[in-house]
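The values are calculated or read from the model by the stated rules, or taken from the named source; none is laboratory data. Everything quoted here is computed from the prediction, not taken from an experiment. Neighbour counts run over all protein chains shown; Cβ positions are idealised from the backbone, glycine included. Surface accessibility is based on the protein's heavy atoms, side chains included, excluding ligands, DNA and RNA. Shrake-Rupley method; radii C 1.70, N 1.55, O 1.52, S 1.80 Å.
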Amino acid sequence: MQAAIESGTADVAMLSDPSAECISEALQMAPGAKTALSFEEVVADPDIDAVVIATPSALHMQQAVLAFENNKAVFCQKPLGRNAAEVAAVIEAARKANKLLGADFSYRYTTAFQKILPLVQSGELGKIFAVDLKFHNAYGPDKPWFYDMKQSGGGCVLDLGIHLIDLMLYALDFPDVTQVNSSLYSKGISVKGKNEVEDYANVSLELANDINAQLACSWNLQAGQEAVIEASFYGTNGGVSLKNLNGSFYDFAAYRFWGTKSETLAGPPDAWGGRALVNWIDQLSVSSEFVASAEQYLPSAAVLDKIYGRS
């Protein structure tokens, strides 16, 4: 919401949350906003043009679809749904309503990723053949619903790994993922096939064009720092990497590699946190119509289904 206010291109007209405390805090940022008791009341208001959904994952699909049925554009926290079927339903509802759909895949908008993206896509790195993805968080989520598979749809992969899978697919122009092998654990014990939320995952993916990718992600990993975040792409002519600095969740650097040599392409400060929302607001200010790039949200959901053994 803060990003919407600071962008200057949108007004926060109405707030809704079951928590009075959350409403009170939000009103400090948007003191002129009205409040509503329910999401249904928000989308029924004819003066509301668009909604931002920041609720538990189990509600994302039904709330987004309801918003589109009420002729509203939608920006939603990731994931758009707990599985690929729910994500597909959201995209189809947006297409049917001809309304703009955005999702908070915010790492696409870091300066570090924007620096390495053209190097991956231009062919400068030669034949890309390997991708390393890591997202370790020293803390687990503080809300109980994250640990309920029915409500969340998954654990650390859906919470953290989805960001890096999205970056990889986006950078490589959405190649087919032909094979997935995953190991999922909770407190050191395998949970694969048990319908339990994982706190550690190690995944190997085979992509079209002979690309191998490795993903490791976790909650509560004792890695000696608050976070380890990395997306590295290796080709026959060199490599590039996005990495967090000093365990930070917010400070990233971009690097270009040649053999044993390294060049820093970008570093902090970089206020990237609200850029996905601001980009959607900027698009909305021009047109509220559906944009086909929203279909890019489905491939990462399909990969997660494979990781969880749902397809």
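Restricting to segment 236-260, and then to whatever is open to solvent by 30 Å² or more (accessible area, probe 1.4 Å) and not aromatic (Phe, Trp, Tyr), can you tell me which residue is nearest to PHE135 (Cα to Cα)? Step by step, filter segment 236-260, then rank; the result is LYS243. Of the strands (runs of 3 or more DSSP E) entirely within segment 206-311, those holding at least 2 residues that are of a type outside the set (D, E, K, R) and under 21 Å from the mean Cα position of the chain (by Cα) occupy 211-219, 227-235, 238-244, 252-258.
Close Cβ contacts (under 8 Å, 6 or more residues apart or on different chains) running from residues in segment 117-139 that are closer than 29 Å to ASP159 by Cβ and assigned to a loop (DSSP other than H, G, I, E, B) to residues that are among the small types (Gly, Ala, Ser) and open to solvent by less than 20 Å² (accessible area, probe 1.4 Å) comprise ALA138/ALA227; ALA138/GLY247.
Against the numbered list (1) open to solvent by less than 50 Å² (accessible area, probe 1.4 Å); (2) in the same structural domain as MET149 (by the TED database), ASN202 comes up short only at (1).
Going by the conditions given, is LEU59 more than 25 Å from PHE105 (Cα to Cα), outside any loop (DSSP other than H, G, I, E, B), of a type in the set (A, V, I, L, M, F, W, C) and open to solvent by 30 Å² or more (accessible area, probe 1.4 Å)?
Against the criterion (more than 25 Å from PHE105 (Cα to Cα), outside any loop (DSSP other than H, G, I, E, B), of a type in the set (A, V, I, L, M, F, W, C) and open to solvent by 30 Å² or more (accessible area, probe 1.4 Å)), LEU59 does not qualify.
For the residues LYS72, LYS96, the requirement of being modelled with pLDDT of 95 or more and surrounded by fewer than 20 Cβ atoms within 10 Å (Cβ to Cβ) singles out LYS96.
One residue is enough: does segment 160-170 have a residue meeting the conditions assigned by the TED database to the domain that holds ASN244, closer than 19 Å to SER300 by Cα and small (Gly, Ala, Ser)?
Yes, there is a match, as at least one residue in segment 160-170 is assigned by the TED database to the domain that holds ASN244, closer than 19 Å to SER300 by Cα and small (Gly, Ala, Ser).
Every residue, every condition in (1) among the small types (Gly, Ala, Ser); (2) outside the structural domain of ASP199 (by the TED database); (3) open to solvent by less than 50 Å² (accessible area, probe 1.4 Å), yes or no:
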{"site": "SER262", "(1), (2), (3)": "yes, no, no"}
{"site": "ALA266", "(1), (2), (3)": "yes, no, yes"}
{"site": "SER288", "(1), (2), (3)": "yes, yes, yes"}
{"site": "SER300", "(1), (2), (3)": "yes, yes, yes"}
{"site": "ASP305", "(1), (2), (3)": "no, yes, yes"}
{"site": "SER311", "(1), (2), (3)": "yes, yes, no"}
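Within segment 49-73, residues that are in contact (Cβ under 8 Å) with a residue 40 or more places away in the chain reach partners that are open to solvent by 10 Å² or more (accessible area, probe 1.4 Å) and among the acidic types (Asp, Glu) with beta carbons closer than 7 Å, at six or more positions or on different chains, in the pairs ALA73/ASP49. Checking each residue of segment 150-158 against the condition of being open to solvent by 50 Å² or more (accessible area, probe 1.4 Å) and within 30 Å of GLY188 (Cα to Cα) gives at least one match. Of all the criteria given as (1) assigned to a strand (DSSP E or B); (2) touching a residue at least 40 places away in the same chain (Cβ under 8 Å), the one not satisfied by TYR185 is (2). Across segment 170-181, the number of residues qualifying as buried (at least 21 other Cβ atoms within 10 Å of the Cβ) and either hydroxyl-bearing (Ser, Thr, Tyr) or assigned to a helix (DSSP H, G or I) (or both) comes to 1. Selection within segment 182-199: residues that are among the small types (Gly, Ala, Ser) and within 21 Å of ASN137 (Cα to Cα). The member of this set that is surrounded by the fewest Cβ atoms within 10 Å (Cβ to Cβ) is GLY188. Scanning segment 269-282 for residues that are within 26 Å of ASP159 (Cβ to Cβ) and either surrounded by fewer than 17 Cβ atoms within 10 Å (Cβ to Cβ) or in contact with a His (Cβ under 7 Å, 6 or more places away or on another chain) (or both) turns up PRO269, ALA271, GLY273. Scanning segment 15-46 for residues that are in a helix (DSSP H, G or I) and in contact (Cβ under 8 Å) with a residue 24 or more places away in the chain, we see that the one that is most open to solvent (accessible area, probe 1.4 Å) is GLU40.
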